[in-house]
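Read the structure below first, then the notes.
The values are calculated or read from the model by the stated rules, or taken from the named source; none is laboratory data. Note that the structure is predicted; figures quoted are calculated from it, not measured. Note that each Cβ is placed from the backbone with ideal geometry, even for glycine, and that neighbours are counted across all protein chains shown.
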Amino acid sequence: MSDQPRRAACPGSFDPVTNGHLDVIGRASALYDEVVVAVLVNESKVGLFTIDERIEMLAEVTASYPNVTVRKFRGLLVDFCRANDIPVVIKGLRVASDFDYELQMAQMNLGLARVETLFMPTNPQFSFVSSSLIKDVAKWGGDVTPHVPDAVAARLRERLAKPQD
């Protein structure tokens, strides 16, 4: 048995982080010695929250997991994993169509850098929750508090507050 810590990455854009993301991160933290939440910097997309804001929110809502850290990355996830000695990526799957896309990515990552991918089905109560849906509902004043941490809900209200007519 190796003395090396077992490390895994949970990648995503997390714009914003949802309770579904936290479910996967929390479950991964119970399985691995170290979990790195890897936040993708995608210069071709403008997010609702900046990378630094996402990292700040993730750090706040994962603070109860002492073995979880949050880092940003650019480029290929496999390059980030190789540079940080992370042999495993954990991806949450909500619906069957997620699997179709993620399987192709997993096979490419294995071929490029021998990085394994483990698929973790989300808790059924989060199977319909996505960051895009959360943003749409919040934009129109809907209550997203059951689907995101309180700190994220507060930031969404602040960011999407409509000026009074």
Flagged in the range 103-129 as surrounded by fewer than 17 Cβ atoms within 10 Å (Cβ to Cβ) and assigned to a helix (DSSP H, G or I), in numbering order, are L103, Q104, M105, Q107, M108, L110, G111, L112, A113, P124, Q125
Is there any pair with a first residue in the range 141-161 that is at positive phi and of a type in the set (A, V, I, L, M) and a second that is at pLDDT below 95 and part of a helix (DSSP H, G or I) whose Cβ atoms are under 9 Å apart and which are 6 or more apart or on different chains, and what are they? none
So which residues in the range 138-150 are in a helix (DSSP H, G or I) and at pLDDT 95 or above? D150
In this structure, is M105 under 16 Å from C10 (Cα atoms), touching a Lys or Arg at 6+ places or on another chain (Cβ under 9 Å) and at pLDDT 95 or above? no
Conditions (1) free of Cβ contacts under 8 Å to residues at least 12 places away in the same chain; (2) closer than 17 Å to S29 by Cα -> L110 fails only (2)
If I filter the range 130-155 down to residues being buried (at least 20 other Cβ atoms within 10 Å of the Cβ) and hydrophobic (A, V, I, L, M, F, W, C), which single residue comes out as nearest to G26 (Cα to Cα)? V148
Filter pass, A138 being without any contact (Cβ under 8 Å) to a residue 12 or more places away in the chain and farther than 24 Å from Y32 by Cα: no
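Results for (1) closer than 20 Å to A153 by Cα; (2) of a type in the set (S, T, N, Q); (3) at pLDDT below 95, shown as yes or no for each residue.
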| residue | (1), (2), (3) |
| --- | --- |
| V35 | no, no, no |
| C81 | no, no, no |
| N123 | no, yes, yes |
| F128 | yes, no, yes |
